[in-house]
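**Q** Structure below; questions to follow.
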Amino acid sequence: MSEPEPLSLHVPEPAVRPGGSPDFSNVKIPRAGAVPRPEVDVDPEAIRELAFSIIRVLNRNGEAVGPWAGLLSDEELIEGMRHMMTLRAFDARMLIAQRQGKTSFYMQHLGEEAISCAFRRALSPGDMNFPTYRQAGLLIAGGYSMVDMMCQVYSNSRDPLKGRQLPVMYASKEHGFFTISGNLATQYVQAVGWAMASAISKDTKIAAAWIGDGSTAESDFHAALVFASTYKAPVVLNIVNNQWAISTFQGIARGGSGTFAARGLGFGIPSLRVDGNDYLAVYAVAKWAVERARRNLGPTLIEYVTYRVGAHSTSDDPSAYRPKAESDAWPLGDPVIRLKNHLIVKGVWSEERHKQAEAEILDTVIAAQKEAESYGTLHAGGKPSARDMFDGVYAEMPPHLRRQRQQAGV
Amino acid sequence: MTMIEAIRDAMDVMMARDEKVVVFGEDVGYFGGVFRCTAGLQQKYGRTRCFDTPISESGIVGTAIGMATYGLRPCVEIQFADYMYPAYDQIVSEAARLRYRSNGEFTCPLVIRMPTGGGIFGGQTHSQSPEALFTHVAGLKTVVPSNPYDAKGLLIAAIEDPDPVIFLEPKRLYNGPFDGHHDRPIIPWSKHELGDVPSGHFTLPLGKASVVRTGSAVTVLAYGTMVYVAQAAAAESGIDAEIIDLRTLIPLDLETIVASVRKTGRCVVVHEATLTSGYGAELAALVQESCFFHLEAPITRVTGWDTPYPHAQEWDYFPGPARVGRALVEAVEA
């Protein structure tokens, strides 16, 4: 037998880096309407191919086509449009506010608005999301107060979280929005536990877990899948694949697997891939998965194929790790423009109405911002008291914290 | 009642009283736990109240956190404290901080039980005492009972507590008080007054220490197995030590400690865990801050050595009555 060749290590690289021409030829996009819509009680084995395709409803002409279409009324679609536009305007204002030094940090949703806004519509009151930092559409579409959100971003005197959390790490039980950790993947398995608790309690509520492509590499992701699979927890397991984990392309977390959705197959979990920039497709797939959970059929894994158009956060510059024009080349387009075109094709919307709506929404956001800023910003005006810092570590303050608060003189 | 039976009884009492109490972990359901602490609970309360889990500590604690935020009261078992590291992120970054970071929107009434400590020839993966890794974390409570009576009362209090509690069970005490003399047979709990545990519901407050031996020469601060080692050391050295069983590390009953040290003027801290940055360092700092002008000798610590927990050398590692006794003599003679 001959001597073996020396081994070599495979380190994946994205197709293109800064300076190169954007190339998404490896992203296989099926035509809209091509993927079948199975019954919710389908045998997961029978729909394995759904983990490798992409469910799409809106075609290039702005028409809604195929078996996943036709679930939302014109009014609901226009409302969805407004939610996405509101989130986009909110982000734009908060980004500027961060640059003006009114807060320390911000994370925007640009390009990913459809996912959280459409998903929210599929849930019922009492259901619980365990979101990451890029699902504020769940709050916007759920009618949470923008002023409260901004007060949290500013850590001001009206911050519902009393200045204890990094900006955008909102929490609202009433709005089904679990307190965002900021640590990655930890909440994925908590969502499964919450869903198990609902089943143990013979309740009818379900949970939704959220994670990004990069964080699926965390062991908590795998723990979540095994627990969800074992106990058939009523949970929707969402993976937002926006192609980039800060500067690391999705291939580093995905490894040899064809898709992130394919991760679910080994656990026997129905796993679907969906066009994350298609409001109608996101809603249709979310509704399918929510119904499965609600009917005690167990978990569903959904991979949303999308693109993070902006920076990861206000702390990084994407031009250092990917081509500047890459977002323009993204083959699934922009979620706002696609829904707008669809509404225009349907004859219920126009460029003019869109501009008008944009102006109205901006006014509303600016009004909210003015009010929020009247309660202070991070470095100016009202802020939570230093005394607040010592509260809420425990239900009842233990003696050692009482002593420390005394020492702090607050 | 053994400590195992007392712990089981506490869970039994709480599961009967409150259907929100659920119990799960590795081998916890059908088999009843490798130490038998949950034996019979699945048969009595059904598979959705007491069940086996995949071997995934972060999964056990992560799902338990989700359940607690839903409104259940999970009391989960980590098979050995040595196995808790995969769950540490869930404990530190999540359970401990939920109330604080959400300003009370979400809370986490959760008990994580784990057998702790050495003395069973368990080697480095079945013998560690990681309590300082919990006491260092804001938002956790840490309890270490030393006898069946306390174990039951403290575990019920822990399950009823609105915040996450780490409940460390010294496995060397499960079947009887162990005084560190490994070559002598242990006295079973059935022959010990603290093995006499009332039936039904009762609690002991978290944050209240117990003076297990009154004395005037030196104060010994101990918890878990070391409570009995300290008692043996006092008896064998003839030093009239006042021995305090802390029972709860956080919150700490500093009042009882300070009153004792102000009386004796001397203090020896004893724990199984490694010395450096151990909980004994915190105790020594607190005692000197509060009792400096009453101290007549340096505060000393008798602890496990700063090595990984060894197998064959277990009894050289374990702080036994001889080492503790020498420290008592030195403190008194200083």
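Taken together, the values in this text are just the output of simple stated rules run on the coordinates, not laboratory data. In this text, all values refer to a predicted model and were calculated from it rather than measured experimentally. Every residue, glycine among them, receives a Cβ derived from its backbone with ideal geometry; neighbour counts consider all protein chains shown.
**Q** Please label the shape of the stretch A:1-62 as rounded, prolate or oblate, based on the square roots a ≥ b ≥ c of the eigenvalues of the alpha-carbon gyration tensor (a/c under 1.5 means rounded; beyond that, a/b larger than b/c means prolate, else oblate).
**A** oblate
**Q** Please identify every one of the trypsin sites (Lys or Arg not before Pro) in the stretch A:349-410 that sits in a loop by DSSP and has no more than 10 other beta carbons within 10 Å of its own beta carbon.
**A** When the trypsin sites (Lys or Arg not before Pro) of the stretch A:349-410 are filtered for loop state and at most 10 Cβ neighbours within 10 Å, nothing remains.
**Q** Then there's this: Which pairs in the list A:Lys287/A:Lys346; A:Lys173/A:Lys202; A:Lys202/B:Lys44; A:Lys173/A:Lys287; A:Lys383/B:Lys141 are over 26 Å apart, alpha-carbon to alpha-carbon?
**A** A:Lys383/B:Lys141
**Q** Kindly provide the helix-only [θ] at 222 nm of the protein assembly as shown, computed as the sum of -39,500 (n - 2.57) over DSSP H runs of four or more divided by all residues, to the nearest 500 deg cm²/dmol?
**A** The helix contribution divided over the protein assembly as shown gives -10500 deg cm²/dmol.
**Q** Further question on the same structure: Kindly put B:Thr307, A:Thr103 in sequence by how many other C-beta atoms sit within 10 Å of each C-beta, fewest to most.
**A** Placing the least packed residue first, the sequence is B:Thr307, A:Thr103.
**Q** Quick one: Karplus J couplings for the stretch B:247-254, per residue in order, coefficients 6.51, -1.76, 1.60, θ = phi - 60°, nearest Hz, x for Gly and Pro?
**A** Values per residue, Gly and Pro as x: 6, 10, 8, 9, x, 9, 8, 5 Hz.
**Q** Between B:Arg184 and A:Ala92, what is the label-to-label distance in nm when each label sits 7 Å out along the Cα-to-Cβ direction?
**A** Result: 8.1 nm between the two label points.
**Q** Hey, another quick one. Expressed as a whole number of Å, what is the distance separating the alpha-carbon centroids of the stretch A:172-216 and the stretch A:309-355?
**A** Between the Cα centres of the stretch A:309-355 and the stretch A:172-216 lies a distance of 29 Å.
**Q** Considering the options A:Ser350, B:Leu194, A:Tyr106, tell which one lies farthest towards the positive end of the dipole of the protein assembly as shown, charges being +1 on Lys and Arg and -1 on Asp and Glu at the Cβ, about the Cα centre.
**A** So the residue furthest toward the plus end is A:Ser350.
**Q** Quick one: length gained pulling A:Glu63 to A:Glu49 fully straight, 0.36 nm per residue minus the C-alpha distance?
**A** Gain on extension, A:Glu63 to A:Glu49, equals 2.6 nm.
**Q** Quick check for you: which residues of the stretch A:301-339 have the amide N under 20 Å from the point 7 Å beyond the Cα of A:Gln100 toward its beta carbon?
**A** Only A:314-315 pass the distance filter.
**Q** Is the stretch A:1-154 rounded, prolate or oblate when judged by the Cα gyration tensor, a ≥ b ≥ c being the square roots of its eigenvalues, rounded requiring a/c under 1.5 and prolate requiring a/b larger than b/c?
**A** Oblate, since a/c reaches 1.5 and b/c is not below a/b.
**Q** Okay, next question. Looking only at chain A, where both bridge partners belong to it, what percent of the DSSP beta bridges are antiparallel (to the nearest 5)?
**A** 20 percent
**Q** Could you check the simple spin-label distance between A:Glu5 and B:Glu289, using points 7 Å along Cα→Cβ, in nm with one decimal?
**A** With each label placed 7 Å out from Cα toward Cβ, I get 6.4 nm.
**Q** Treating cross-link reach as a plain straight distance, find the lysines whose alpha-carbon is under 24 Å from the alpha-carbon of A:Lys324, omitting any fewer than eight places away in the same chain.
**A** Cα-Cα hits under 24 Å: A:Lys28.
**Q** Given a cut-off of under 8 Å on Cα pairs at least six residues apart, what relative contact order in percent is computed for chain A?
**A** 24 percent
**Q** Shape call for chain A from the C-alpha gyration tensor, a ≥ b ≥ c root eigenvalues: rounded (a/c under 1.5), prolate (a/b greater than b/c) or oblate?
**A** The shape class here is rounded.
**Q** Using the Karplus curve 6.51 cos²θ - 1.76 cosθ + 1.60 with θ = phi - 60°, what ³J(HN,Hα) values do you get for each residue of the stretch A:19-26, in whole Hz, with x for Gly and Pro?
**A** x, x, 8, x, 9, 10, 5, 7
**Q** Tell me, how many Å apart are the Cα centres for the stretch A:1-73 and for the stretch B:268-317?
**A** Centre-to-centre distance over Cα atoms comes out at 59 Å.
**Q** By how many degrees, 0 to 90 and rounded to 10, does the Cα axis of helix B:321-333 deviate from the longest principal axis of chain B?
**A** Approximately 50 degrees, to the nearest ten.
**Q** Just to be sure I follow the definition: excluding the sites themselves, where is the longest run in chain B that has none of the GluC sites (Glu not before Pro) in a DSSP loop with at most 16 other Cβ atoms within 10 Å?
**A** By the stated rule (loop sites, at most 16 other Cβ atoms within 10 Å), B:20-295.
**Q** What is the antiparallel percent of DSSP beta bridges lying wholly in the protein assembly as shown, to the nearest 5?
**A** Taking every DSSP beta bridge within the protein assembly as shown, about 15 percent pair in antiparallel fashion.
**Q** Please give every one of the aspartates and glutamates within straight-line cross-link reach of B:Lys20, meaning a C-alpha to C-alpha distance under 20 Å, and leave out same-chain neighbours fewer than 8 residues apart.
**A** Those aspartates and glutamates meeting the cut-off are A:Asp127, A:Asp203, B:Asp9, B:Asp12, B:Asp52, B:Glu77, B:Glu105, B:Glu160, B:Asp161, B:Asp163.
**Q** Oh, and also: Under 11 Å from the 7 Å Cα→Cβ point of B:Leu275, by amide nitrogen: which residues of the stretch B:298-318?
**A** B:301-307
**Q** Still on this model: Please list, in chain and number order, the residues 5+ apart from B:Thr142 or on another chain whose amide H is under 5 Å from its amide H, with Hs placed from the backbone.
**A** Result for B:Thr142 returns B:Ile166, B:Leu249, B:Ile250.
**Q** Here's another thing I want to ask about it. Please return the longest stretch of chain B lacking exposed loop sites, where chymotrypsin sites (Phe, Trp or Tyr not before Pro) count only if DSSP places them in a loop and at most 15 other Cβ atoms lie within 10 Å.
**A** With a cap of 15 other Cβ atoms within 10 Å, the longest stretch comes to B:203-304.
**Q** Scan the stretch B:39-96 for trypsin sites (Lys or Arg not before Pro) in coil per DSSP, keeping those whose Cβ has at most 13 other Cβ atoms within 10 Å, and list them by number.
**A** Of the trypsin sites (Lys or Arg not before Pro), the ones in loops of the stretch B:39-96 whose Cβ has at most 13 other Cβ atoms within 10 Å are B:Arg47.
**Q** List the residues whose amide H sits under 5 Å from the amide H of B:Val21, counting only those 5 or more places along or on another chain, with H placed 1.01 Å from N in the peptide plane.
**A** B:Arg73
**Q** If you don't mind, there's one more thing I want to ask. Hey, got the dipole for chain A? About the Cα centre, +1 on K and R Cβ, -1 on D and E Cβ, debye to the nearest 20?
**A** Computed charge dipole of chain A: roughly 780 debye.
**Q** What percent does the relative contact order of the stretch A:87-219 come to when contacts are Cα pairs within less than 8 Å and at least six residues apart?
**A** Relative CO of the stretch A:87-219 lands at 25 percent.
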